[in-house]
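Q: Before anything else, here's the structure in question.
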Amino acid sequence: MERLQKVIAQAGITSRRKAEGLITSGKVSVNGHKVTELGTKVDASKDEVVVDGVPINKEEPVYFLMYKPTGVISSVSDEFGRKVVTDYIDVEQRIYPIGRLDFDTSGLLLLTNDGEFANLLMHPKYKIKKTYIAKVEGMPLRETLKKLEKGVQLEDGKTAPAQVKVKKTDKTKNSSIVEISIHEGKNRQVRRMLEAVGHPVLKLKRENYGFLHLRGMNAGEFRELKPHEVKQLRELAVT
Ligand code: URA
């Protein structure tokens, strides 16, 4: 038996804190009875938990890969009415993004309604490689790349080793295109790493997530992941 808010959060519907709000505001029922007590314990495999009229465990798990455009929030709703990533994908299931890309960052984003899968991919213990293409100010020196490769000190700790390549430099515009691969997911990590070594990011795009890529897709487009891709991601996460 587990606490109701935990079961709702694990089903991927929302965070545990927001699940508590759903319970206390009378949006949740268990086996046909409204429950507003936060301490309530349920058996996720037997009890029927319904949130906003929809049974939580009855949804088919779905998995999407999206090419997030810039100027879109990686969330399911926004208090200021700005566009959110789920506006692009019209499905019945309550999907949400796995991790996030900044408002100003474009690129590969996964979405699902499978809470266990999302937790697996986001868990800091499991290190999936993500590759970004950044347009930066200036022309990084070799020793600067070395610093990024070794890890740089940010205010919330030192970053793990990264792989970095300069793809192109533009002397007249004093800017460069840098490819950087990291395994962690600290908030605004790539921007902060490059800023820390003196090369502020002008533009950022995530091109790869593990073996997944964006080739052939335009910003705003999405596709369902194939079952073998979902399986491979699970394997990648735990190895
Ligand atoms: N690093 C960033 O700085 N921003 C993102 O959106 C993702 C990684």
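The values are calculated or read from the model by the stated rules, or taken from the named source; none is laboratory data. Everything numeric here is computed off the predicted structure, so don't read it as measured data. Cβ sites come from the backbone with ideal geometry, for glycine too, and all protein chains shown count toward neighbours.
Q: Based on what the data block shows, is Leu110 assigned to a loop (DSSP other than H, G, I, E, B), aliphatic (A, V, I, L, M) and surrounded by 19 or more Cβ atoms within 10 Å (Cβ to Cβ)?
A: no
Q: Another one. Taking Lys46, is it within 30 Å of Leu202 (Cβ to Cβ), surrounded by fewer than 18 Cβ atoms within 10 Å (Cβ to Cβ) and not assigned by TED's automatic domain parsing to the domain that holds Gly185?
A: no
Q: All but one of (1) at negative phi; (2) touching a residue at least 40 places away in the same chain (Cβ under 8 Å); (3) away from the ligand (no atom under 16 Å from the Cβ) hold for Gly138; state the number of the condition that does not hold.
A: Tallying (1) at negative phi; (2) touching a residue at least 40 places away in the same chain (Cβ under 8 Å); (3) away from the ligand (no atom under 16 Å from the Cβ), Gly138 fails exactly one: (1).
Q: For the stretch 53-74, which positions are at pLDDT 90 or above and surrounded by 15 or more Cβ atoms within 10 Å (Cβ to Cβ)?
A: Within the stretch 53-74, Val62, Tyr63, Phe64, Leu65, Met66, Tyr67, Lys68, Pro69, Thr70, Val72, Ile73, Ser74 qualify.
Q: Moving to a separate point now. For residues that are away from the ligand (no atom under 16 Å from the Cβ), aromatic (Phe, Trp, Tyr) and farther than 26 Å from Val238 by Cα, tally how many sit in the stretch 67-119.
A: Number satisfying all stated conditions: 2.
Q: Now, a different point. Provide a single number: the residues in the stretch 183-199 that are within 14 Å of Lys135 (Cα to Cα), basic (Lys, Arg) and in contact (Cβ under 8 Å) with a residue 40 or more places away in the chain.
A: So the count comes out to 1.
Q: Of (1) under 27 Å from Lys18 (Cα atoms); (2) touching an Asp or Glu at 6+ places or on another chain (Cβ under 7 Å), Gly115 satisfies all except one. Which?
A: Here Gly115 clears every test but (2).
Q: What is the residue count in the stretch 173-185 for residues that are near the ligand (Cβ under 8 Å from one of its atoms) and of a type outside the set (Gly, Ala, Ser)?
A: The number of residues fulfilling the criteria is 1.
Q: Further question: If you scan the stretch 193-223, which residues turn out to be among the acidic types (Asp, Glu) and under 16 Å from the mean Cα position of the chain (by Cα)?
A: If the condition is that a residue be among the acidic types (Asp, Glu) and under 16 Å from the mean Cα position of the chain (by Cα), then Glu207 is the only one that fits.
Q: A further question follows. Please count how many residues of the stretch 195-239 are β-branched (Val, Ile, Thr), within 16 Å of the ligand (Cβ to nearest atom) and assigned to a loop (DSSP other than H, G, I, E, B).
A: The qualifying residues number 1.
Q: Right, another one. Could you give every pair whose Cβ atoms fall below 7 Å, whose first residue belongs to the stretch 18-39 and is over 14 Å from Arg3 (Cα atoms), and whose second residue is polar (S, T, N, Q) and part of a loop (DSSP other than H, G, I, E, B), counting only separations of at least 6 or pairs across chains?
A: The qualifying pairs are Gly26/Thr36.
Q: How many of the residues in the stretch 136-177 are in contact with a strand residue (DSSP E or B) (Cβ under 8 Å, 6 or more places away or on another chain), over 15 Å from Val190 (Cβ atoms) and hydroxyl-bearing (Ser, Thr, Tyr)?
A: 2
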